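To start, the structure itself, in structure tokens.
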Amino acid sequence: MNAVSAPASTLRPAVPADVPALAALEERLFATDAWTADTLATDLAAPGRWWCVAEQDGVVVGYAAVAVAGDVADLLRIGVDPAVRRTGVASLFLDAALAAARERGANRLLLEVSEANRGAVAFYVARGFTQIDARPAYYRDRSAALVLRRGLGPACGGRTP
Ligand SMILES: CC(C)(COP(=O)(O)OP(=O)(O)OC[C@H]1O[C@@H](n2cnc3c(N)ncnc32)[C@H](O)[C@@H]1OP(=O)(O)O)[C@@H](O)C(=O)NCCC(=O)NCCS
């Protein structure tokens, strides 16, 4: 992946040295559902993974991860430091994730998001995802997971291929 610049933020592939920063963000953003440093390190090294971080002035302010298996890509993680939200960082991640998934042969991107996570649901809907299913009591707080999908058609002619 080439570095991608946005106002004040740069995306780059995640490396093992990022694990402590990722674990700290996970704990802040996902609390009881946070991945541990060990889980993050293992996943970073797993086959078929795409991990990306956003930096501002050398500080990691967000991250995203995608797993591709065959023609299905799963958005495993996406998180942005609350201090820099609503500045387009997650949108940058999503564009990069869609491109990475397409390059690896996927034709759709799936994800699970808590029905209680209204901000994230609004983000995904604004970015062209539609609900295809739900998993009751999926999270530790017993909230349901909404299963969302976005097709990965040719990268032209609009945001919802
Ligand atoms: C969801 C999340 C990744 C969005 O990150 P972000 O960098 O703020 O998103 P963007 O700035 O790219 O937002 C793009 C658009 O999505 C929508 N959106 C994003 N966050 C939203 C919110 N909290 N409420 C309503 N709409 C929202 C808006 O349409 C926004 O465009 P606008 O700012 O011009 O109105 C971020 O809130 C986050 O890290 N949440 C905690 C972790 C999490 O829940 N991850 C997803 C788990 S499945």
Relative contact order [Cα under 8 Å, 6+ residues apart], the chain, whole percent: 16 percent
Rounded to whole Hz, the Karplus (6.51, -1.76, 1.60) HN-Hα couplings of segment 132-137, x for glycine and proline: 10, 6, 8, 10, x, 6
Cα-based Rg of the chain normalised by 2.2 N^0.38 Å, two decimals: 0.99
Helix runs (DSSP H) in the chain reaching 20 Å along axis by Cα, Kyte-Doolittle at least -0.5: 89-103
Given charges at beta-carbon only (K, R positive; D, E negative), |dipole| of the chain in Debye: 540 debye
For q = 0.11, 0.12, 0.20 Å⁻¹, Debye-computed log10 I/I(0) when each Cα of segment 41-114 counts as one equal scatterer: -0.27, -0.32, -0.84
Relative contact order (%) - segment 78-161, alpha-carbon pairs under 8 angstrom, separation at least six: 27 percent
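Here, each number is a calculation from the coordinates, and none is a lab measurement. Everything quoted here is computed from the prediction, not taken from an experiment. Neighbour counts are summed over all protein chains in view; Cβ atoms, including those assigned to glycine, are modelled from backbone coordinates with ideal geometry.
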